[in-house]
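Engineer: Take this structure first; my questions come after.
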Number of protein chains: 2
Amino acid sequence: MVKHIDVLIVGAGPAGLTAANCFNGSDLAVRIVDKKPGPDHVGKADGIKSISIEVLDSLGIGDAVFSESQRVEEIVLWNPDENGTIQRTMTIPDRVEELMKPREVCLDQGRVEGLMVENLNKHGSVQISWNTQPVGLKIDKSQKDDSAAYPITISLENINTGITETLAVKYIVGGDGAHSWLRKQLGIKLTGDLTDSTWGVLNMVPKTDFPDIRKVFVVHSVNGTVMGVPRESKMVRFYISMDGGSRHTSINVKDITAENIIEAAQIIMAPYKLEAARVPWWSSYCVGQRVADRFSQDERVFLVGDAVHTHSPKAGQGMNTSLQDGYNIGWKLRYCLEQNASRDLLSTYPIERKPVAQALIDFDREYLETFARSDITHEEFLEAYLAGQRFTTGTQIQYPESLIVKGNNLESTSPLATRLVEGVRLPDFQIVNQSDGVPVKLYHRLTCDGRFRILVFAGNLSNGASLSRLNILGDWFEKYLPASSGLEILTIHSSKREEVELMDLHPSFRPWSEDGWDYWTIYADDNSYHDGHGKVYERCGIDKEEGCFIVVRPDGYISTIRSLNQTTEILEFFSGLRESKTQSGQATESFRTRL
Amino acid sequence: MVKHIDVLIVGAGPAGLTAANCFNGSDLAVRIVDKKPGPDHVGKADGIKSISIEVLDSLGIGDAVFSESQRVEEIVLWNPDENGTIQRTMTIPDRVEELMKPREVCLDQGRVEGLMVENLNKHGSVQISWNTQPVGLKIDKSQKDDSAAYPITISLENINTGITETLAVKYIVGGDGAHSWLRKQLGIKLTGDLTDSTWGVLNMVPKTDFPDIRKVFVVHSVNGTVMGVPRESKMVRFYISMDGGSRHTSINVKDITAENIIEAAQIIMAPYKLEAARVPWWSSYCVGQRVADRFSQDERVFLVGDAVHTHSPKAGQGMNTSLQDGYNIGWKLRYCLEQNASRDLLSTYPIERKPVAQALIDFDREYLETFARSDITHEEFLEAYLAGQRFTTGTQIQYPESLIVKGNNLESTSPLATRLVEGVRLPDFQIVNQSDGVPVKLYHRLTCDGRFRILVFAGNLSNGASLSRLNILGDWFEKYLPASSGLEILTIHSSKREEVELMDLHPSFRPWSEDGWDYWTIYADDNSYHDGHGKVYERCGIDKEEGCFIVVRPDGYISTIRSLNQTTEILEFFSGLRESKTQSGQATESFRTRL
């Protein structure tokens, strides 16, 4: 008996686990396998950007990760003075104004993975198999375009028992790391080079009189460069150039020991004393900066994370980019399978993520160069650092036009929301629940459940005409895009909350179920009693009377921004996602009703 | 072989579990037993006041409880109009200005207990035995004053197996509920009366068009009174007077069914429709308003929670008062045992908690009267409700003078901190860590670890004279009150954070250990990068140059406020806590060194 699986995820690192978590609450047959015996406990990546916290918020574990993390609040630079003695030369707030929250927190990758695994277990939608690796792969090309088929045959081996099983699979997500077995099977090449720059990295509980040990610090001394990142408990992550920053050196990475790395740090940070109370983890590496030439195969196998891009860990982007890869393909597969949507949706994965990987490598090359150069001026370093701060927020990423990003002019902000651009991620903002007055942050509300959202910026509902306009829209939604269409409607009005009566709004905006009305779909852009005002209309540049529609993808990116009378365009957008007859060879039902 | 136990806690409800959690991280032999098979899953109390969240913060689980809870943001009153039809007559923000955060959140008592049990398991310091009840108790009075003795002999029976074991115990905390076995064994009487007012209470997932179902609502109709409290998920807690609010009725509480209660609510809330999608829990009761005549026996057995006070659940005070009882005796027992402190400390438990219980009963009597009266005016009800809001914050509680509350004049605020009073709880406020710039809320920092804290409000350290004054104090602390004295020193200065160098402060304020310096003891009352300014000096009324000492008990109450040159008084305070020779019959070592 061959088991049939909708989605098989290979590799339970940050990318694979994020993809897996996209299926929480789904009835699809999804499985994640990894050859390791369980989540990692120490080491590897640790930087978690606010954009990643928002992803984790949508998975329900952002608060848990945030509260265990060490927040990064400032960065200090140290440089040699005229006598060659290191001196603190600058303190930079780690603050990007428009985020309105910390840009970065740090927590061990192992702990983040652990929380993701706990979340999978809590929901019970995805089966997890440790000690398991793929050993055989075959794709039946003749069936690759049939959405009902299981064209992939894959063999999995249990490493402990040696027992092999064969699965018939619709889709594979490959997050099996820099040495990806899947990538090799598919003959996909990495392009780029392995630099000669040799680095040591270690997690240390330091005993030191260096005064900035709990900040991010970059010490440029005449003896080389060390970067430190404060971590949970008393731990500090150290990055040290083992060759004095030269990109061309003969140091063999395999000859490096933890003692070498600590010694190098001691020399750079002198005259401050530095001793290791504990070293829970360490490693050494030559930075490879490479991107895969393809990110997918036949829209059936999708590679994510380190399997398709490797770079230096210096900007703390490894876990973040991987997590976004997994998030991007995760919702697309779920939507495709649950909503019987067009398989064209899946082709947007490489179109969206490959340029991001390439941009990261380009950024990383320049950034690493900055770290490696010994002749860099203070100003040059500062400029590069601040550019890095902005780059790593992810708010500059814009996905290109496709069936899920549609606008009149993607080159500029929307005239309807003058501070937003289609293809860019919606910023996190605070809204106040109409029914109970509780303030909520957007990404806590945008639960990762496979649904698109239409945010209806309804304008000022204390104005009778605006309320009528909204309720006419309610009739339209009921007729053309009911709750069963794989989408959720969230209404955000610009009135004072007390001037709006929940029950005056059309039931389309507060759907009925066997548990009564849904009280978590109508929000005010208003002051809260304890947490201030989100000023959402202002932050997005939306007119408080006119309002607009914002169609938001399950991953929080803006699909399209339309005026409240452009219902035809909204309908066309969702029609464009449906499976076409020619592709599947079957009759197309409009949208599969959600169970 | 008789097992020796330092502290036995009987009853794993909110009071007992809070007491148990006070021993996390301790090496003492502590055990908690309950006759039930595990934590409750539904029902009972659900209101959690901000003061309780602060207690949970100090136990490390406040954020988890808060994030699962339903926040209460406003209360609505409904009254009959001239035609007898109910109308919304007022919306009151549930906001007490000085708290600067929500006054109340709601979560099932079972879930709160569950998180407390998980926390005990995580720390592993306290042994938990379910299905276990006491069946025999004996106190050897001749040994009761010997702090080294185990004067209590108690037999515990496993309900499932019938197996009995006998323990020799130093102290017992009795949180075994309204029908307390321990209270009866000790011959302690409850004083007060069982009212005749009959109430139904149920948790319901309602299907209704009543527009305020997600707020706290009080509907006074010509047919009686219903109060509703929004809960996690779609649940609502209903309280309904089953006798039209009369205090003298012949309705037998045992005859009441869930259907009766729902029907009563339907009649009161008409013309709005109300149906129950689900009723996970319900109960009926006559309100008993009673206080035990004694709260302890020989300073060896201490009763907490429902065992010593019962009242109506209307003000949501049940879980909160119980939790504070457990917290109060928990730290005192730990301090007494770990620090070899005077047993006089334990006599403060009834002195502090009995008046609080009595005040609660008095308040409850008046409050319930308000609910029960059908002739009450709108204004009278509102006034009573707002008084209740203030009362339940707990910020008005002042413990009387004792060896742990000492002041020159407890009748008024301190001249050194003109907005604080000795014996009152320190408000929660935000401080910014000097070492890393991370803002922290006070009660997240005041981990419940059995230690007193001396908050050193050091003034403006950018002023050389103030820094010198502080460092002279550092020498004094090193000599007279080292870190091994069962206390922790936290420094809060009023300077700009960037004007202070961490390493310029005396090591007494940043103690050294085998893991290096402690970086979580020196804080600035300054702006943070992402979370504003705590304005602590201003909120406490402390002069930004003069500063002061505030000695804070392990439960957050202010012991004493002293000027920075009153070191003699500080020393006397801690000397007063030591065990005297006459009491124990043994030689007194100053303070036992913490391991």
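The values are calculated or read from the model by the stated rules, or taken from the named source; none is laboratory data. Keep in mind it's a predicted model, so treat the numbers as computed, not measured. In this analysis, Cβ positions are derived from the backbone assuming ideal geometry, glycine residues included, and neighbour counts consider all displayed protein chains. Only protein heavy atoms, including side chains, enter the accessible area calculation; ligands, DNA and RNA are left aside. Shrake-Rupley method; radii C 1.70, N 1.55, O 1.52, S 1.80 Å.
Engineer: If I filter the stretch B:79-90 down to residues being modelled with pLDDT of 95 or more and within 14 Å of chain A (Cβ to nearest Cβ), which single residue comes out as nearest to residue B:223 (Cα to Cα)?
Structural biologist: Among them, the one singled out is B:87.
Engineer: Can you name the residue in the stretch A:417-433 that is open to solvent by less than 10 Å² (accessible area, probe 1.4 Å) and closer than 26 Å to residue A:502 by Cβ and is also farthest from the other protein chains (Cβ to nearest Cβ) among such residues?
Structural biologist: Per the criteria, the residue is A:417.
Engineer: Hey, another quick one. Please determine whether any residue of the stretch B:224-235 is open to solvent by 50 Å² or more (accessible area, probe 1.4 Å), modelled with pLDDT of 90 or more and touching a Gly at 6+ places or on another chain (Cβ under 9 Å).
Structural biologist: no
Engineer: Quick test for you: out of B:2, B:42, B:10, B:33, pick the one residue that is more than 13 Å from every other protein chain (Cβ to nearest Cβ), of a type in the set (A, V, I, L, M), more than 20 Å from the chain's Cα centre (by Cα) and crowded, with 23+ Cβ neighbours inside 10 Å. Show your work before the answer.
Structural biologist: On the way: B:2 fails: crowded, with 23+ Cβ neighbours inside 10 Å; B:42 fails: crowded, with 23+ Cβ neighbours inside 10 Å; B:10 fails: more than 20 Å from the chain's Cα centre (by Cα).
Just a single option satisfies the conditions, and that option is B:33.
Engineer: Which numbered condition trips up residue A:38, out of (1) farther than 21 Å from residue A:100 by Cβ; (2) not charged (D, E, K, R); (3) not assigned by TED's automatic domain parsing to the domain that holds residue A:135?
Structural biologist: For residue A:38, the failing item is (3).
Engineer: Of the residues A:259, A:299, which is over 29 Å from the mean Cα position of the chain (by Cα), of a type outside the set (A, V, I, L, M, F, W, C) and more than 20 Å from residue A:89 (Cβ to Cβ)?
Structural biologist: A:259
Engineer: Mind checking whether some residue in the stretch B:159-172 is out of contact with any Ser or Thr (no Cβ under 9 Å at 6 or more places or on another chain) and among the hydroxyl-bearing types (Ser, Thr, Tyr)?
Structural biologist: Yes, the stretch B:159-172 has at least one match.
Engineer: Please go through the stretch A:506-516 and give me each residue that is open to solvent by 10 Å² or more (accessible area, probe 1.4 Å), more than 8 Å from chain B (Cβ to nearest Cβ) and not polar (S, T, N, Q), ordered by number.
Structural biologist: A:506, A:507, A:510, A:511, A:512
Engineer: Scanning the stretch B:214-223 for residues that are open to solvent by 10 Å² or more (accessible area, probe 1.4 Å) and at pLDDT below 95, which turns out nearest to the other protein chains (Cβ to nearest Cβ)?
Structural biologist: B:221
Engineer: Here's a check for you: in the stretch A:519-572, which residue that is within 27 Å of residue A:335 (Cα to Cα) and basic (Lys, Arg) is nearest to the chain's Cα centre (by Cα)?
Structural biologist: Top of the filtered list is A:553.
Engineer: Does residue B:531 satisfy being out of contact with any strand residue (DSSP E or B) (no Cβ under 7 Å at 6 or more places or on another chain) and either in a loop (DSSP other than H, G, I, E, B) or at pLDDT 95 or above (or both)?
Structural biologist: So residue B:531 does not fit the description; no.
Engineer: Taking only pairs six or more apart or across chains, which ones have beta-carbon atoms under 7 Å, a first residue in the stretch A:410-432 that is aromatic (Phe, Trp, Tyr), and a second residue that is in a loop (DSSP other than H, G, I, E, B)?
Structural biologist: A:429/A:534
Engineer: Is one or more of the residues making up the stretch B:175-184 surrounded by fewer than 19 Cβ atoms within 10 Å (Cβ to Cβ), away from every other protein chain (no Cβ under 14 Å), in contact (Cβ under 8 Å) with a residue 40 or more places away in the chain and of a type outside the set (Asp, Glu)?
Structural biologist: Scanning the stretch B:175-184 turns up at least one residue that is surrounded by fewer than 19 Cβ atoms within 10 Å (Cβ to Cβ), away from every other protein chain (no Cβ under 14 Å), in contact (Cβ under 8 Å) with a residue 40 or more places away in the chain and of a type outside the set (Asp, Glu).
Engineer: Among the residues that make up the stretch B:475-493, is at least one of them within 14 Å of chain A (Cβ to nearest Cβ) and within 27 Å of the chain's Cα centre (by Cα)?
Structural biologist: no
Engineer: Name the single residue that is most open to solvent (accessible area, probe 1.4 Å) among those in the stretch A:138-150 being out of contact with any Cys (no Cβ under 8 Å at 6 or more places or on another chain) and touching a residue at least 24 places away in the same chain (Cβ under 8 Å).
Structural biologist: A:141
Engineer: In the stretch A:22-45, what residues are under 30 Å from residue A:72 (Cβ atoms) and in contact with a Ser or Thr (Cβ under 9 Å, 6 or more places away or on another chain)?
Structural biologist: Selection gives A:24, A:34, A:43, A:44, A:45.
Engineer: Oh, and also: Does residue B:373 satisfy being under 18 Å from the mean Cα position of the chain (by Cα) and either under 30 Å from residue B:89 (Cα atoms) or of a type in the set (D, E, K, R) (or both)?
Structural biologist: The answer is no for residue B:373.
Engineer: Something else about it: Report, by residue number, each residue of the stretch A:151-174 that is among the small types (Gly, Ala, Ser), touching a Gly at 6+ places or on another chain (Cβ under 8 Å) and either at positive phi or crowded, with 19+ Cβ neighbours inside 10 Å (or both).
Structural biologist: A:174
Engineer: Follow-up. Any idea which residue in the stretch B:260-306 is surrounded by the most Cβ atoms within 10 Å (Cβ to Cβ), counting only those that are touching an Asp or Glu at 6+ places or on another chain (Cβ under 6 Å) and of a type in the set (A, V, I, L, M)?
Structural biologist: B:304
Engineer: Let me ask you something else. Would you check which residues across the stretch A:358-375 are surrounded by 19 or more Cβ atoms within 10 Å (Cβ to Cβ) and assigned to a loop (DSSP other than H, G, I, E, B) and list them?
Structural biologist: Scanning the stretch A:358-375 gives no hits.
Engineer: Go through the stretch B:190-213 residue by residue and tally those that are away from every other protein chain (no Cβ under 14 Å) and among the β-branched types (Val, Ile, Thr).
Structural biologist: Within the stretch B:190-213, residues that are away from every other protein chain (no Cβ under 14 Å) and among the β-branched types (Val, Ile, Thr) number 4.
Engineer: Would you point out which residue out of A:456, A:440 is within 14 Å of another protein chain (Cβ to nearest Cβ), touching a residue at least 60 places away in the same chain (Cβ under 8 Å) and within 24 Å of residue B:212 (Cα to Cα)?
Structural biologist: A:440
Engineer: Same structure, new question: I need the full set of residues from the stretch A:458-492 which are in contact with a Lys or Arg (Cβ under 9 Å, 6 or more places away or on another chain) and either under 21 Å from residue A:513 (Cα atoms) or open to solvent by less than 10 Å² (accessible area, probe 1.4 Å) (or both), in order please.
Structural biologist: Listed by number, the residues that qualify are A:458, A:459, A:483, A:484, A:485, A:486, A:487, A:488, A:489, A:490, A:491.
Engineer: Sticking with this one: Does residue B:305 satisfy the criteria of being in contact (Cβ under 8 Å) with a residue 12 or more places away in the chain, farther than 28 Å from residue B:381 by Cα and of a type in the set (Gly, Ala, Ser)? I'd like the intermediate steps shown before the answer.
Structural biologist: Details: in contact (Cβ under 8 Å) with a residue 12 or more places away in the chain: yes; farther than 28 Å from residue B:381 by Cα: yes; of a type in the set (Gly, Ala, Ser): yes.
Against the criterion (in contact (Cβ under 8 Å) with a residue 12 or more places away in the chain, farther than 28 Å from residue B:381 by Cα and of a type in the set (Gly, Ala, Ser)), residue B:305 qualifies.
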